[in-house]
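The structure appears right after this line, and notes come after that.
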Amino acid sequence: MHTEYLQSVRYKLQKRIRRQRTASIEAYTPALKQLIQFIDSEPSLIAIQAELAARFPDAESVANAIVNDGLLRADQAGLIDTAINDEGKWASVGMRVLRGFAALGNAHKVLNFVPHLSSSKIIDHVSAFSDWYLTPFYEYLDERLDDPQFVLGRLIRFKHLCEWFWRDELMKLSHDESRRGEKRLAERLYEFLYTEGLTIHVEPSSVSGEADMVSSQEGPDRLVADAKIFNPDKSKSKGYVLQGFRQIYQYTCDYNSAIGYLVIFNTSDKQLRFAVSGEAKPLPRVVLNHKTIFIVTIDLYPHEESASRRPQQDFVEITEDEIRGEAARKEVSNP
C-alpha cells in the first residue's frame with residue numbers, strides 16, 4: 001500500500017521518536033506535544049490509533065489510573081499485570097498515557113509514571129518513561145503501518161477511489177441486475193482489499209447468517225465487514241441501514257471481534273448523516289457493548305453541480321439511540 005508514502009511516514013516518525021528520546025527535561029513535554037500533533041495529522045497513523053483504541057477499550061481505564069493516581073497505585077490495584085503482558089493492550093495504554101502526560105505540561109511529574117529507580121536524576125526517570133510508554137507505542141505504530149489487518153486507512157482510500165475515479169462505473173453496477181447490485185458493489189470492495197494484501201473469505205457462515213466478509217476464520221484479529229446500499233427510492237432506506245448495523249454487530253459477537261466495518265454505498269441524492277458520540281476522526285463510529293463499528297459512507301450519486309454550486313441536499317439522519325435500539329432488538333429476539 002503506497003510504499004513510498006509509508007516510507008516517508010515511517011522516516012518522519014522515526015525522526016520525531018529520536019528527538020523525543022534525546023530531549024532534555026525542559027524540552028521533553030513540548031517535544032511530546034509536537035509528536036502527538038504529528039501522529040494526529042497523518043491519515044495512516046490516525047487510522048491505526050483509532051483501531052488500536054477500538055481493539056483494546058479496557059486500556060483506557062488502566063491509562064486513566066496511571067495518569068490520575070500514579071503507576072504504583074495502578075499496580076496495587078492489579079491493573080498493570082493484566083495489561084503489560086499483552087503487547088497490543090500495553091501499546092494502547094501507552095498511547096493514552098503519553099497524551100495524559102503531555103497535558104500535564106511538566107516533565108518533573110514523571111516520578112508518578114515509572115517504577116522506583118535508585119537514581120535520583122530526573123533525566124533517568126524520563127528515560128524510563130520513554131521505555132515504558134513511548135517505545136511500545138512507537139513500535140506498534142511502526143509495525144502496523146503496512147499490516148493488512150489494519151484496514152481503516154485502506155477503507156478511506158477505497159472511499160476516495162470510488163468517489164473520485166469509479167463513481168460512474170459503480171453507479172452503473174448498482175443499477176445493473178438490480179437484485180445483485182449490492183453484491184457487485186461489495187465485490188469491488190473485496191477485490192480492492194485483496195490487492196492491498198488482505199486474505200479474505202467472502203460470505204462465511206456464522207450462527208447469525210452470513211457476513212459479507214471475514215478476513216480469516218482463525219486467529220484473534222478477524223476483519224468483519226458488511227456492505228449495504230442506501231437509496232430510499234429503491235426500498236433501501238434508513239431501516240435497511242439500521243439492519244446493517246444490527247447484522248454487523250451480531251457478526252462481531254459471533255466471531256469474537258472487537259471491530260466491525262459497515263460500508264454504505266449511497267446511490268441516492270440524499271445525504272446520510274450519523275449522529276453518534278464516537279468522534280469522526282478519521283471516520284464516525286459507534287460502540288455497542290465494547291464492539292466498535294466504523295462507518296464508511298461512499299457517495300456514488302452523479303451530482304451535476306460541483307459541491308460549491310450544489311443546492312442544499314435533503315438528508316436522512318440516523319442517531320446512536322436508533323442504532324442501539326436496533327441492536328438491542330436483535331439481542332432480545334435471539335437471547
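Rg and Dmax of the range 3-144, both derived from C-alpha coordinates alone, stand at 14.6, 46 Å. A simple packing score, the average count of other Cβ atoms within 10 Å per residue, orders the peptides 286-292, 59-65, 160-166 as 59-65, 286-292, 160-166, with the highest score first. When the helices of the chain are scored as -39500 (n - 2.57) per DSSP H run of n ≥ 4 and the total is divided over every residue, the value at 222 nm lands at -16000 deg cm²/dmol.
Springs join every pair of Cα atoms under 10 Å in this Gaussian network model of the chain, and among 277, 118, 41 the largest mean-square fluctuation is at 118.
Rounding to the nearest 10 and keeping the result within 0 to 90°, find how far the Cα-based axis of helix 181-195 lies from the longest principal axis of the chain. Once rounded, the angle reads 40 degrees. Against the longest alpha carbon principal axis of the chain, how many degrees, from 0 to 90 and to the nearest 10, is the axis of helix 3-21 turned? The angle comes out near 30 degrees.
Normalised radius of gyration for the chain, please: alpha carbon Rg relative to 2.2 N^0.38 Å, two decimal places.
Numbers: Rg = 22.2 Å, N = 335, 2.2 N^0.38 = 20.0 Å.
Normalised Rg, Cα atoms only: 1.11.
Taking the DSSP bridge list for the chain and keeping only pairs wholly inside it, about 40 percent are antiparallel. Here the Gaussian network model covers the chain, with springs between Cα atoms less than 10 Å apart; of 18, 144, 246, 18 fluctuates the most. Between the alpha-carbon centres of the range 106-146 and the range 83-97 there is a gap of 13 Å. Between 102, 47, 77, the GNM of the chain built on Cα springs shorter than 10 angstrom shows 77 fluctuating the most.
Counting beta carbons within 10 Å around each of 82, 297 and listing the fewest first gives the order 82, 297. Full extension of the segment from residue 36 to residue 58, taken as 0.36 nm per residue of separation minus the current Cα-Cα distance, would add 5.8 nm. Rounded to the nearest 10 degrees, the inclination of helix 59-69 to the longest alpha-carbon principal axis of the chain is 30 degrees. With neighbour counts taken as other beta-carbon atoms within 10 Å, the residues 123, 17 rank, fewest first, as 123, 17. Need the C-alpha centroid separation for the range 33-62 versus the range 245-287, integer Å. Using only Cα atoms to place each centre, the spacing works out to 19 Å.
Values in this text are rule-based calculations from the coordinates and carry no lab data. Just so you know, these numbers come straight off a predicted model, no measurement behind them. Every residue, glycine as well, gets a Cβ built from its backbone with ideal geometry; the counts of neighbours run over all protein chains shown.
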